[in-house]
Structures are given as C-alpha cells and as structure tokens.
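First up is the structure itself, then whatever we jot down about it.
The values are calculated or read from the model by the stated rules, or taken from the named source; none is laboratory data. For clarity, every value in this text was computed on a predicted model and none was experimentally measured. Counting neighbours? That spans all protein chains shown, and the Cβs are built from the backbone with ideal geometry, glycine included.
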Amino acid sequence: MRRQNWTPGWIDLDTPNAARMYDYYLGGSHNFAADRETARKAIALWPELPMIMRANRAFLRRSVHYLAGEGITRFLDIGSGIPTLGPVHEVAREVHPEARVVYVDRDPVAVAHSRLLIEDDPQSQVVEADLTDPGDLLSQPEVQELLRPGDPVGVLLVAVLHFVTDAQDPHKIVAVLRDALPPGSALVLCHAALEGRPDQAGPHQEIYSRTATPLTMRTQEQITAFFDGFELVEPGVVWLPQWRPDSQRSVGSHPERMTGLVGVGRRP
C-alpha cells in the first residue's frame with residue numbers, strides 16, 4: 001500500500017483504524033484500503049452507518065456552536081480523530097474568532113495528520129494522549145494551559161467513550177475530567193446506545209472487535225450517568241437528531257435509528 005506523506009513510517013496501514021473508518025463514513029479521503037474494507041463490511045450489515053456518522057458530526061457542530069454562543073471560547077476535544085469536514089476550531093470561530101482548541105487523540109496517525117492540518121494555527125494545538133489515562137492527559141502542558149482557572153471550557157467526548165471498556169471504568173474517567181474543569185465548564189457527549197437498534201448491537205460490536213479499538217455500546221441509564229455532577233442542558237439526553245435540531249424536519253420519524261444518545265451538561 002502506498003504510504004501518504006502525512007502518515008508516520010511506524011504506522012501499520014494493514015490494520016483497520018476507527019478514526020480512519022470514521023473519516024471514510026463521512027466521505028473523507030484520509031483512510032486506507034484496510035479501513036475501507038472493514039467499514040464496507042460494517043455498512044453491509046448496517047446500511048445506515050454513514051448517515052449515523054454524519055448525524056454525529058452534525059451534533060458536534062450544533063453543540064459547539066451552542067456553547068460558543070453561551071460564551072465558551074476554550075474547547076478540549078478528546079478522541080478528536082482527524083479534524084476534517086467541519087472541525088471544532090472552525091465551528092467555534094464562527095461565533096468567537098479568538099476561540100482556542102486543544103485536540104487530543106491516542107492514535108499517532110490522527111495526531112500526525114492533525115498537526116499538519118493546523119500547523120499554521122497558533123490558537124489550535126494537538127496532543128497525543130489516551131483518555132483511559134486521564135492523569136497523564138491532564139498533565140500535558142497544552143491541556144494544563146487550556147484548563148487554567150478562569151474562563152469555562154467545553155470538553156468534547158463525542159463518539160469516544162464507547163471505545164473505553166467497562167474494565168477501564170469510563171465513569172471514573174469522566175469524573176476525573178469533571179473535577180479538573182473550571183466552574184461553568186461544559187461536557188458534550190455522544191455515545192452508541194444499545195436501545196436504538198438492539199438487532200445491530202451484537203454484529204456491530206463484533207466488527208469492531210477486529211480492530212485496535214473494540215466497541216462497547218451502553219444503555220441509556222449508563223450513558224446518562226456520565227453527567228453526574230453536571231446540570232443537563234435542555235432537552236437532556238436524547239437521540240442524535242433530537243438535540244436542538246436545525247429544523248424539526250431533520251429529526252425524522254425514527255430518531256432512535258441513529259442509535260447515538262447525546263447530551264450537554266454544565267458544571268455548576
């Protein structure tokens with residue numbers, strides 16, 4: 001396989017990668033044959049997957065735009081993947097041109113490409129760190145500077161916590177992040193839910209078990225519990241299209257088929 005100039009030499013291009021699969025679902029070009037092959041198998045089982053991923057990206061845009069409108073100018077995007085096709089810094093700066101963003105991902109490919117994308121942007125930075133080690137993540141200089149006391153911060157955990165296993169205690173991880181935030185900060189969360197399409201939960205999790213990032217779908221109760229210590233913003237924890245939609249028409253008649261539960265909470 002031909003190695004692109006944005007791909008570090010140590011990366012295995014033959015192993016499918018969730019961040020690159022996501023880019024493929026969105027219609028991007030930052031993916032390889034192994035990613036496309038695995039993604040196509042997932043789509044064959046679940047034809048709505050590209051639509052779900054695009055709904056996820058649309059929620060990211062709406063939530064960031066909302067928080068920027070509420071005065072938040074600092075954003076920490078954890079599990080950011082490859083920030084293409086409407087990245088956080090572009091959305092936030094539609095409201096606040098001075099908005100700052102720190103992108104965090106554990107995938108060297110995503111990190112390397114992200115750094116190339118924003119190398120001329122002094123208000124955006126990229127950190128290689130793992131959500132499952134929140135102490136190390138919070139100790140990174142770029143993150144410490146972003147979380148300094150003062151203005152609130154928007155923390156984005158969009159389509160990332162379902163890649164954290166139960167054994168890694170995702171609720172404790174979120175609590176550690178919460179306690180590090182200045183008052184008034186916000187949590188934006190999107191998580192794959194078991195209830196939306198229970199017939200697809202098993203096969204879809206099996207597909208991702210073949211990648212370096214296996215998937216753990218959770219119940220609505222488990223997902224809502226991530227907001228402990230936050231005050232939920234209306235309309236609460238809802239299906240992807242239902243969170244402050246651009247129009248009621250965009251919600252559709254079966255929003256649960258998007259399978260992602262989302263919400264935004266503010267820390268008192």
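A few points about this structure:
- Reported count of residues in the stretch 129-150, each being assigned to a loop (DSSP other than H, G, I, E, B) and either basic (Lys, Arg) or buried (at least 19 other Cβ atoms within 10 Å of the Cβ) (or both), is 4.
- Count - residues of the stretch 134-175 that are of a type in the set (Gly, Ala, Ser) and under 24 Å from Gly86 (Cα atoms): 2
- Given (1) part of a helix (DSSP H, G or I); (2) more than 23 Å from Ser63 (Cα to Cα); (3) modelled with pLDDT under 95, number of the condition Lys172 does not satisfy: (3)
- Residue within the stretch 31-50 that is over 24 Å from Ser250 (Cα atoms), among the polar types (S, T, N, Q) and without any contact (Cβ under 8 Å) to a residue 40 or more places away in the chain present: yes
- Residue match in the stretch 47-67 (condition: over 22 Å from Tyr25 (Cβ atoms) and of a type in the set (Val, Ile, Thr)): no
- Among residues of the stretch 11-24 being crowded, with 20+ Cβ neighbours inside 10 Å and either modelled with pLDDT of 85 or more or among the polar types (S, T, N, Q) (or both), the one that is nearest to Gly86 (Cα to Cα) is Tyr24.
- Applying a threshold of 6 Å to beta carbon distances and a minimum spacing of six or more residues, or different chains, the list of pairs starting in the stretch 10-25 at a residue that is more than 18 Å from Ala58 (Cβ to Cβ) and ending at one that is in a loop (DSSP other than H, G, I, E, B) and at pLDDT 75 or above reads Leu13/Phe32; Ala19/Gly81; Ala19/Ile82; Ala19/Asp107; Arg20/Asn31.
- Count of the stretch 52-69 residues which are of a type outside the set (A, V, I, L, M, F, W, C) and touching a residue at least 60 places away in the same chain (Cβ under 8 Å): 4
- Index of the failed condition, Val262 passing every other in (1) surrounded by fewer than 17 Cβ atoms within 10 Å (Cβ to Cβ); (2) touching a helix residue (DSSP H, G or I) at 6+ places or on another chain (Cβ under 7 Å); (3) at pLDDT 95 or above: (1)
- Screening the stretch 220-234 for residues that are more than 12 Å from Cys190 (Cα to Cα) and surrounded by 13 or more Cβ atoms within 10 Å (Cβ to Cβ) and picking the one that is farthest from the chain's Cα centre (by Cα) gives Gly229.
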